[in-house]
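*Asks:* This structure is in structure tokens; I'll ask about it shortly.
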């Protein structure tokens with residue numbers, strides 16, 4: 001849910017900091033007070049298009065920041081992980097800045113992201129619906145996913161199984177296309193990779209070769225320094241009056257001491273061990289000095305070989321192992337291209353098997369979807385009946401073409417509807433009037449909000465064009481959605497406002513010749529007064545107050561029964 005919202009220098013808002021609760025929050029106020037400006041700010045926060053016109057006059061930039069609480073398996077988390085965004089256990093912070101010049105800066109948990117990433121995360125946190133903007137419900141390309149969400153686990157499992165066989169099917173198809181390309185193009189490709197393979201094989205590379213050559217080059221390039229250091233060490237240790245000679249004298253003396261008193265034997269043992277170790281070291285250093293030889297020709301050979309390896313690395317891989325791996329892959333490709341017909345015939349047989357598997361899994365998935373579609377139709381009709389649209393017919397239309405395999409199945413789905421008996425079913429977006437569309441959308445959101453996992457749902461005057469018993473039904477329906485998701489609703493209907501768990505009053509104030517928007521949380525008494533104003537307009541009468549209290553009492557009973 002949206003917990004905190006901060007808006008600074010945005011349109012006519014100077015500074016606004018709001019806290020939100022669970023359930024249904026209603027925002028009311030006079031027309032033009034700035035209710036929709038808050039929704040505009042939330043749209044920008046979740047990736048909407050912005051411009052410098054949103055920045056308050058005289059300011060350099062507008063700033064919008066929102067903190068959302070999330071659960072451990074929230075759908076936004078995989079997106080955050082994909083883009084390397086650290087997320088705390090239970091919250092995520094979105095931030096958007098827009099300069100007066102129109103430049104935009106987006107951040108998620110402090111990490112700068114692109115607008116498209118912000119939009120992708122924001123779409124999983126907040127779902128904004130306006131009177132004429134019903135987003136995915138009015139987008140036919142989203143209907144299949146909505147149906148799958150409604151079908152829950154059985155469809156998700158079948159979909160995963162379908163994707164496995166479909167991915168293999170698509171891979172085999174791509175391999176056949178690749179091997180069936182233009183003859184001239186394939187000939188050019190064969191010439192190129194054959195040349196590359198010859199170059200790699202001629203180099204006769206071995207794993208670890210470069211490291212060994214670098215070590216040898218380092219030794220030869222620093223021969224004089226190395227030889228001098230080893231000689232100096234040898235001379236310091238060996239010879240009359242040198243370290244080893246003095247250590248030998250020390251060992252003899254300690255041996256004499258240990259013969260007199262056994263307590264000194266550990267001293268003798270330690271010195272004797274050191275003497276023998278050092279003696280071995282002197283012998284080894286002497287052996288190395290005898291074998292050390294400066295060979296400038298070998299140094300040139302090593303440098304030449306390293307240059308050859310470096311050129312191959314620029315072409316075929318960052319390491320010798322990668323070069324060898326690439327050589328192996330093009331050797332396999334050469335075999336495929338050389339014996340193209342044999343490979344194509346084998347792949348054709350494999351494709352037939354893959355196609356049969358995709359068809360089998362696609363039919364299983366389609367069957368589950370049709371079962372879910374029947375349940376969805378029944379649920380939608382039930383919700384529409386409660387919104388006094390009992391004569392409306394809703395249908396999930398399937399266009400499933402056998403052999404037309406897509407990554408999400410063999411089905412193409414679109415929601416159809418008719419609101420008038422005897423009229424043919426038409427695509428949802430072309431069917432209903434404004435008031436009817438609001439009710440259809442609410443009916444669908446009541447159902448889909450339980451399956452989508454969206455943190456917050458916002459309704460911006462979706463109740464426009466209705467009144468009376470329909471308005472009451474809409475208020476109840478919005479509250480029903482708020483049982484499963486946090487809902488923020490801008491409304492002019494007292495029936496909707498009466499259902500609120502939290503009520504925010506928005507108004508414009510003028511200070512020092514500047515106009516700004518303020519938001520005030522209402523107490524129960526203030527809430528009754530505001531609902532009375534919504535019922536009667538400017539003039540408040542005793543009858544209006546009683547009507548407002550009666551409406552609140554009725555709403556309290558409805559809310560209690562809905563929990």
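*Asks:* Could you calculate the FRET efficiency of residue 255 with residue 223 from 1/(1 + (r/R0)^6), where r is the beta carbon distance between them and R0 is 51 Å, rounded to 0.05?
*Replies:* 0.75
*Asks:* If I model a spin label at residue 328 and residue 541 as a point 7 Å from the Cα along the Cα→Cβ vector, what separation in nanometres do I get?
*Replies:* Going from the residue 328 label point to the residue 541 one covers 9.0 nm.
*Asks:* Ok, one more. Counting alpha carbon pairs within less than 8 Å and at least 6 residues apart, what relative contact order, in whole percent, applies to region 470-563?
*Replies:* Result for region 470-563 is 26 percent.
*Asks:* On alpha-carbon atoms, Rg over Rh for region 172-292 using Kirkwood Rh?
*Replies:* Across region 172-292, the Cα-based Rg/Rh ratio is 1.52.
*Asks:* When only alpha-carbon atoms count, how far does the chain stretch along each of its three principal axes, as whole angstroms with the largest first?
*Replies:* Here the Cα extents, ordered largest to smallest, are 122, 74, 55 Å.
*Asks:* Obtain the nm distance between the two label points defined at residue 386 and residue 190 by a simple spin-label model: each point lies 7 Å from its Cα along the Cα-to-C-beta direction.
*Replies:* Each label point lies 7 Å from its Cα, and together they span 6.9 nm.
*Asks:* What translational D, rounded to a whole number of µm²/s, comes out for region 268-312 from Stokes-Einstein when the hydrodynamic radius is the Kirkwood one over Cα pairs, at 4 °C and 1.567 mPa s?
*Replies:* The Stokes-Einstein estimate is 94 µm²/s.
*Asks:* Angle, helix 209-221 long axis vs. longest principal axis of the chain, Cα atoms, 0 to 90°, nearest 10?
*Replies:* Its long axis makes an angle of about 50 degrees.
*Asks:* Please compute the length gained on full extension between residue 204 and residue 99, using 0.36 nm multiplied by the number of residues separating them and subtracting their Cα-Cα distance.
*Replies:* Result for the pair: 31.9 nm of gain on full extension.
*Asks:* Here's something else I'd like to know. At 0.36 nm per residue, minus the direct Cα-Cα distance, what do residue 353 and residue 141 gain on full extension? Give it in nm, one decimal, please.
*Replies:* The span from residue 353 to residue 141 would gain 73.3 nm if fully extended.
*Asks:* Sorted by average packing, counted as other Cβ atoms within 10 angstrom per residue and highest first, what order do 375-387, 207-219 take?
*Replies:* Put in order of decreasing packing, that is 375-387, 207-219.
*Asks:* Over all directions, how big on average is the projection of the convex hull of the alpha-carbon atoms in region 108-245, in square nanometres?
*Replies:* 23.4
*Asks:* Mean residue ellipticity at 222 nm from the helices of the chain, using -39,500 (n - 2.57) per DSSP H segment of n ≥ 4 over the full residue count, to the nearest 500 deg cm²/dmol?
*Replies:* Rounded to the nearest 500, it is -19500 deg cm²/dmol.
*Asks:* Right, something else. Using packing as a proxy for protection, rank 182-193, 487-498, 272-283 so that the peptide with the highest average count of other Cβ atoms within 10 Å comes first.
*Replies:* Result, highest mean first: 487-498, 272-283, 182-193.
*Asks:* Over region 155-368, calculate the relative contact order: mean separation of alpha carbon pairs under 8 Å at least 6 apart, over the residue count, as a percent.
*Replies:* With pairs under 8 Å counted, the relative contact order is 43 percent.
*Asks:* Using R₀ = 41 Å, calculate the FRET efficiency as 1/(1 + (r/R₀)^6) where r is the Cβ-Cβ separation of residue 183 and residue 293; round to 0.05.
*Replies:* 0.10
*Asks:* Rounded to the nearest 5, what % of DSSP beta bridges with both residues in the chain are antiparallel?
*Replies:* The answer is about 75 percent antiparallel.
*Asks:* Over the chain, what is the relative contact order in percent, taking alpha-carbon pairs closer than 8 angstrom and at least six residues apart?
*Replies:* Worked out over the chain, it gives 22 percent.
*Asks:* Sort 97, 232 by Cβ crowding within 10 Å, fewest neighbours at the top.
*Replies:* Fewest-to-most ranking of 97, 232: 232, 97.
*Asks:* Next question. If I take R0 = 51 Å and measure r between the Cβ atoms of residue 345 and residue 19 in this structure, what FRET efficiency does the formula 1/(1 + (r/R0)^6) give, to the nearest 0.05?
*Replies:* After rounding, the FRET efficiency stands at 0.15.
*Asks:* Which whole-number percent of Cα pairs in region 207-358 have a distance greater than 24 Å?
*Replies:* Above the 24 Å cut-off, region 207-358 has 66 percent of its Cα pairs.
*Asks:* Rounded to the nearest 10 degrees, what's the angle between the helix 434-452 long axis and the longest principal axis of the chain, both from Cα atoms, 0 to 90?
*Replies:* The angle comes out at about 40 degrees.
*Asks:* Which part of region 28-54 falls in the paramagnetic zone of residue 83, meaning amide N under 17 Å from the point 7 Å along Cα-to-beta-carbon?
*Replies:* The answer is 42-50.
*Asks:* Quick one: Debye curve from the alpha-carbon atoms of region 1-120 only, equal weights, vacuum; give me log10 I(q)/I(0) at q = 0.18, 0.20, 0.21 Å⁻¹ to two decimals.
*Replies:* Ignoring solvent entirely, the Cα scatterers give -0.96, -1.14, -1.22.
*Asks:* With axes computed from alpha carbons, what is the tilt in degrees of helix 143-179 against the longest principal axis of the chain, rounded to the nearest 10 within 0 to 90?
*Replies:* For 143-179 against the chain, the angle is about 40 degrees.
*Asks:* Inverting the mean 1/r over all pairs of different Cα atoms, compute the Kirkwood radius of region 1-65 and quote it in Å.
*Replies:* Computed over region 1-65, the radius equals 12.6 Å.
No value in this document is a laboratory result; all are computed from the given coordinates. Computed from a prediction, not measured in an experiment: that's the story for all the values here. All Cβ positions, glycine included, derive from the backbone under ideal geometry; neighbour counts span all protein chains shown.
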